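Worksheet for the structure shown next.
The values are calculated or read from the model by the stated rules, or taken from the named source; none is laboratory data. Note that the coordinates shown come from a computational prediction; the quantities given were computed from them, not determined experimentally. Neighbour counts are summed over all protein chains in view; Cβ atoms, including those assigned to glycine, are modelled from backbone coordinates with ideal geometry.
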Amino acid sequence: MSQISLRDGQNSPPEKKPTMGMKSWWSWKLQEMKASKHSYVLLAPYMILFIMFTVIPVVISIILSFTYFNMLEFPKFIGWQNYTRLFLEDDVFLIAIKNTLLFAIITGPISYIACFVFAWIINELTPKWRAFMTLIFYAPSISGNVYFIWLMIFSGDRYGIANGLLIKWGFLLEPIQWLKTEAYIMPILILVQLWLSLGTGFLAFIAGLQTVDRTLYEAGAVDGIKNRWQELWYITLPSMRPQLMFGAVIQLTTSFAVADVSIALAGFPSVNYAAETVVTHLIDFGTTRFEMGYASAIATVLFMIMVGTNLLVQKLLRRVGE
């Protein structure tokens, strides 16, 4: 469907950048930077903090991943030995990779779609009800006692809520050790992670829906849009691409970096490493064994997986509304 009438300036041809030599290009770039110097001054505090606490640690971690470093001796360069050990000798890491990918594949898309669907529904309410429902849905992600509640539900004795109800209804004769049985650990952790997923991405979607220009819906009706689904695809989603991108990054990062829920519910380590993830494996070698070079290799692998997945998601989101 054509969107010519929905976006300003879409009919204008793209600007052609003038062809210039390297020297002329640098002169033009310096002039552009001078014209925007106030913006650079305002960005400077954030950029300095970002470089100091994000870029530099990532670079140092990548460098340390090629060394043997035990926190007591100076790092010793060992080349690719950490990565060779990681993929060829560390069976627990392979279990962690499998569990992490399972978490990401299930909780990532489901929580992302759930965040948007709930935000879309809540956005249609009156302001007072919208604020109340936003608080209700967002509360689990900031609750401090959330794991205590789930430990009560899946307690392994007869007093556990799940066991008590199933025995009362006749489905069980003896209580199940939910968090000590390999077959049940991952489904329970995925369920809890989904329940916790309505967090920052959910708030971003609520904010994005509030900023959609209502006149676009009127223009869409003139342009041939006939129902709410077409409004959603051709107007709502393209208008909130920044929020969609932000929500995707948040949900993917959360799904790949899962650790707290595993440690709180299944223990550290879990039974036969059934709930081991890349981050819990990283915590094991980084904060328990102090093999910082090996831990840096684990962090680098996780970093590369996250970057690749985020690039793929960004490419897919650019097609929204086409």
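Out of the residues in the stretch 174-228 that are in contact with a helix residue (DSSP H, G or I) (Cβ under 8 Å, 6 or more places away or on another chain), surrounded by 14 or more Cβ atoms within 10 Å (Cβ to Cβ) and polar (S, T, N, Q), which is nearest to TYR273 (Cα to Cα)? Looking at residues that are in contact with a helix residue (DSSP H, G or I) (Cβ under 8 Å, 6 or more places away or on another chain), surrounded by 14 or more Cβ atoms within 10 Å (Cβ to Cβ) and polar (S, T, N, Q), I get GLN193.
This table checks each residue for (1) acidic (Asp, Glu); (2) surrounded by fewer than 13 Cβ atoms within 10 Å (Cβ to Cβ); (3) within 18 Å of VAL192 (Cβ to Cβ); (4) free of Cβ contacts under 8 Å to residues at least 60 places away in the same chain.
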site	(1), (2), (3), (4)
MET52	no, yes, no, yes
ASN70	no, no, no, no
GLU73	yes, yes, no, yes
VAL117	no, yes, no, yes
THR134	no, no, no, no
TYR138	no, no, yes, no
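Of the candidates GLY293, GLY267, GLY286, the single residue that is in contact with a strand residue (DSSP E or B) (Cβ under 6 Å, 6 or more places away or on another chain), under 29 Å from TYR68 (Cα atoms) and of a type outside the set (D, E, K, R) is GLY293.
Filter the stretch 182-215 down to the residues that are hydroxyl-bearing (Ser, Thr, Tyr) and at pLDDT below 90, then identify the one that is farthest from the chain's Cα centre (by Cα).
We begin by selecting, within the stretch 182-215, every residue hydroxyl-bearing (Ser, Thr, Tyr); these are 184, 197, 200, 211, 215.
Okay, now just the ones that are also at pLDDT below 90, so 197, 200, 211, 215.
Working: SER197: 9, THR200: 10, THR211: 23, THR215: 32 Å.
Among those that are hydroxyl-bearing (Ser, Thr, Tyr) and at pLDDT below 90, it is THR215.
Return yes or no: is LEU316 among the aliphatic types (A, V, I, L, M), part of a helix (DSSP H, G or I) and either in contact with a strand residue (DSSP E or B) (Cβ under 9 Å, 6 or more places away or on another chain) or modelled with pLDDT of 90 or more (or both)? No: the conditions fail for LEU316.
Quick grid of which residues meet (1) exposed (fewer than 14 other Cβ atoms within 10 Å of the Cβ); (2) assigned to a loop (DSSP other than H, G, I, E, B); (3) within 16 Å of the chain's Cα centre (by Cα); (4) modelled with pLDDT of 90 or more:
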{"site": "PHE268", "(1), (2), (3), (4)": "no, yes, no, no"}
{"site": "GLU276", "(1), (2), (3), (4)": "no, yes, no, yes"}
{"site": "HIS281", "(1), (2), (3), (4)": "no, no, no, yes"}
{"site": "ALA295", "(1), (2), (3), (4)": "no, no, no, yes"}
{"site": "VAL301", "(1), (2), (3), (4)": "no, no, no, yes"}
{"site": "VAL307", "(1), (2), (3), (4)": "yes, no, yes, no"}
{"site": "ASN310", "(1), (2), (3), (4)": "no, no, yes, no"}
{"site": "GLU322", "(1), (2), (3), (4)": "yes, yes, no, no"}
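Within the stretch 83-115, if we keep just the residues that are of a type in the set (A, V, I, L, M) and more than 20 Å from LEU191 (Cα to Cα), the residue that is surrounded by the fewest Cβ atoms within 10 Å (Cβ to Cβ) turns out to be LEU88. Taking only the stretch 147-161 into account, find how many residues are part of a helix (DSSP H, G or I) and surrounded by fewer than 18 Cβ atoms within 10 Å (Cβ to Cβ). Number satisfying all stated conditions: 7.
What tally of residues in the stretch 144-178 results from selecting those that are of a type outside the set (Asp, Glu) and over 16 Å from TRP195 (Cβ atoms)?
Just the residues of the stretch 144-178 that are of a type outside the set (Asp, Glu), to begin with: 144-156, 158-173, 175-178.
Then keep just the ones that are over 16 Å from TRP195 (Cβ atoms); that gives 155-156, 158-160, 163-173, 175-177.
Final tally of qualifying residues: 19.
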